[in-house]
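Heads up, the thing below is written out as structure tokens.
Just so it is clear, none of the values below were taken in a lab; they were calculated from the coordinates. What you see is a predicted model, and the numbers here were worked out from it, not measured in a lab. Counting neighbours? That spans all protein chains shown, and the Cβs are built from the backbone with ideal geometry, glycine included.
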Amino acid sequence: MTDLPPAYHYTVIDRAIREIDAAGPGLTLEALAARMGMSAAHFQRVFSAWVGVSPKRYQQYLALDHAKTLLATRHTTLAAADGAGLSGGGRLHDLFLTWEAMTPGEFARAGGGLTLRYGWFDSPFGPALVAGTERGICGIGFAAEMGAEATRADLLGRWPQATFREDPDFLRPWAMQAFGARQGQNADTPLFLIGAPFQIKVWEALLRIPSGHVTTYGDIATVIGHPKAVRAVGTAVGRNPISLLIPCHRALRKSGGLGGYHWGLPVKRAMLAHEAARAEAIHTAM
């Protein structure tokens, strides 16, 4: 398994993704490395260690129409998910995740009686706000498009009756695991799903989508037993509070369009590009 880069490289990757996305196909490795303030060789090592492919190859995954390619080649209907052992509260082997959902009664209290700790962390997709309880991470929001204040108000405002405490030290091990800095150390990252029963069903379905694959809102509606509730599924996907780990970015429109993304479409495109590139790198190495 390729060693993952140290956490301080996250800001470099975030800047590089934005430069690649904005510049188009004419940007050379040397020019991109210069913008990062690094030599071409060093930047290539840093980028490839995180993504698994060269910046030039990664550019293809950021293309606006790449979602259609993913839907054609890496579409999962979720039909085999239960057989793969990815249903229920079990361990998700590829991400080292465990999860549990709050009860409907707990949800009705809008966070009352809960102490939510939160903190800001660097991530490959820009500044990230992570929130959690003793039972696990309950929220991850990305501020690259919305800004820090709006992200904080949005994410923490979902549980208005909770008690909030800024405590990044408590969350740091989970956050580093979530963003890849501690992956492979056999430490599970617990998730605590705080939502209405219908939302939790949708989020459970999202957890079954393998990395590097995508599904559609209609497929999710079918697998949770509400095939006509595509619009409601889309709303629940958009309200997923644990971005990245509950992979709402892997849900696309039936047409292959990206659909929406609560934290900004550039973030969704970057996540899909990263996962597609990693899937290619793993396949090539086999």
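Roughly how big is segment 97-252's charge dipole about its Cα centre, with Cβ charges of +1 (Lys, Arg) and -1 (Asp, Glu), in debye to the nearest 20? If you can, show how the numbers build up before the last one.
Numbers: 14 positive and 13 negative charges, 81 e Å.
Computed about the Cα centre, the dipole is about 400 debye.
Output ³J(HN,Hα) for segment 99-106: one whole-Hz value per residue in order, computed from phi by the Karplus curve 6.51 cos²θ - 1.76 cosθ + 1.60 with θ = phi - 60°, and x for Gly and Pro.
Karplus-based 3J(HN,Hα) across segment 99-106 equals 8, 9, 10, 5, 6, x, x, 5 Hz.
Expected output is a single nm value to one decimal: the length gained when fully extending between residue 228 and residue 49, i.e. 0.36 nm times separation in residues minus the C-alpha distance. What is it?
Length gained between residue 228 and residue 49: 60.2 nm.
How big is the C-alpha Rg of segment 97-252 next to the rule-of-thumb value 2.2 N^0.38 Å, as a ratio?
My calculation over the Cα atoms of segment 97-252 gives 1.01.
In nm, give the distance between the simple-model label positions of residue 106 and residue 23, each being 7 Å from the Cα along the Cα-to-Cβ direction.
4.7
Can you check what the net charge comes to around residue 30, using other residues whose Cβ is under 15 Å from the Cβ of residue 30 (Lys, Arg +1; Asp, Glu -1)?
+2
With only alpha-carbon atoms counted, please give the Rg and Dmax of segment 123-195, in Å.
Computed over the Cα atoms of segment 123-195, radius of gyration and Dmax are 12.4, 36 Å.
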